[in-house]
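Have a look at the structure below, then the notes.
The values are calculated or read from the model by the stated rules, or taken from the named source; none is laboratory data. Computed from a prediction, not measured in an experiment: that's the story for all the values here. Heads up, the Cβs are rebuilt from the backbone with ideal geometry, glycines too, and the neighbour counts pull from every protein chain shown. Heads up: the accessible areas ignore ligands, DNA and RNA and are worked out on the full protein's heavy atoms, side chains in. Shrake-Rupley method; radii C 1.70, N 1.55, O 1.52, S 1.80 Å.
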Amino acid sequence: MKVKTLAIIVIIIAAGLAAGLIWYFYFGPGAKVVVVMGTSADFPPFEYVAENGSIIGFDIDIAKYIANKYGWTLKIKDIAFEGLIPALQAREIDMIVAAMTITSEREEVVDFSIPYYNASQGILIRAGEPDITKIEDLYGKKIGVQAGTTGENWAQENLADKCEIISYPRVYDALMALKAGYIDALILDEPVANYYSKTDAEIVKASYVIETGERYGIAVRQGETDFLGKINAALREMFETGYYDQLIAKWFG
Ligand code: GLN
């Protein structure tokens, strides 16, 4: 009788412990937080698809650093740039790390981290074509841009009555159009123009740089202040410890 009671007590305690552990690791503070990052993986060296199929780049390393700091499991979703903010709002992703410029229009629908990179707009043309040294050189040309970007906005505001502007969801489609002669120039963030001009012999960067003075931020849903605070703390830590400079050397050196 005594042994039986003892056995029952032991079983009850064991079951309780098991339930507690299951709760702790699946639902409680020990649960792994999964953070889904959205990016448009056509923007080297910020984010692009490596030969082995994995998505790599400066932004990916930044997101990995943030996730590691808090023990989050990082997942990456590749979405055409113009679809990133809708995906964030639809909760398909939790943050956008995509060389996204902080703009007042975007700030109406998302919250941005502290800025982590500065950029302007560059212009790609086919190798062997006359250089573009001023805005007037663009007039009358067919201009490609990526849909939903600040480059597209700039072109619409400054060239709409002078040029035909063609928007492409993906940068690699715009590059193909440029090489095929379907467009004459491609406007995109200068660091990415630099990358493509160095890695693709068929295209060069024009000397005219459109000084837009943009700053990139990580976007989250509005009101997610705890999450954003953690992202900002991790970014600050990267700046202070020199890890940020290491990443700059790795991807832009
Ligand atoms: N920085 C630009 C923007 O925010 C382009 C970003 C991109 O194409 N990934 O619109």
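Taking the stretch 20-49, which residues are modelled with pLDDT of 85 or more and small (G, A, S)?
G38, S40, A41
Only one of G20, G53, G16, G71 is on the phi > 0 side of the Ramachandran plot, loosely packed, with under 15 Cβ neighbours inside 10 Å, of a type outside the set (D, E) and without any contact (Cβ under 8 Å) to a residue 12 or more places away in the chain; which?
Working: G20 fails: on the phi > 0 side of the Ramachandran plot; G16 fails: on the phi > 0 side of the Ramachandran plot; G71 fails: without any contact (Cβ under 8 Å) to a residue 12 or more places away in the chain.
Only one candidate passes the filter, namely G53.
State all residues of the stretch 129-170 that are polar (S, T, N, Q) and open to solvent by 40 Å² or more (accessible area, probe 1.4 Å); if no residue qualifies, say none.
T133, N153, Q156, N158, S167
If A180 passes every condition in (1) open to solvent by 30 Å² or more (accessible area, probe 1.4 Å); (2) over 30 Å from D226 (Cα atoms); (3) in contact with an Asp or Glu (Cβ under 6 Å, 6 or more places away or on another chain); (4) not aromatic (F, W, Y) but one, which one does it miss?
Going through the list (1) open to solvent by 30 Å² or more (accessible area, probe 1.4 Å); (2) over 30 Å from D226 (Cα atoms); (3) in contact with an Asp or Glu (Cβ under 6 Å, 6 or more places away or on another chain); (4) not aromatic (F, W, Y), A180 breaks only (3).
Look through the stretch 57-101, keep the residues that are charged (D, E, K, R) and within 14 Å of the chain's Cα centre (by Cα), and return whichever of them is farthest from S167 (Cα to Cα).
The extreme case among them is K64.
Only one of (1) in a strand (DSSP E or B); (2) of a type in the set (K, R); (3) touching a helix residue (DSSP H, G or I) at 6+ places or on another chain (Cβ under 9 Å) is not met by R215, so which one is it?
Failing condition for R215: (3).
How about the stretch 102-125: which of its residues are open to solvent by 20 Å² or more (accessible area, probe 1.4 Å) and either within 14 Å of the chain's Cα centre (by Cα) or touching a residue at least 12 places away in the same chain (Cβ under 8 Å) (or both)? Before the answer, list the steps.
If we filter the stretch 102-125 for residues that are open to solvent by 20 Å² or more (accessible area, probe 1.4 Å), which is where we start, we get 102-109, 111-112, 114-115, 117-118.
Once the filter is applied, which keeps residues that are open to solvent by 20 Å² or more (accessible area, probe 1.4 Å) and either within 14 Å of the chain's Cα centre (by Cα) or touching a residue at least 12 places away in the same chain (Cβ under 8 Å) (or both), the stretch 102-125 yields I102, T103, R106, V109, D111, F112, I114, P115, Y117, N118.
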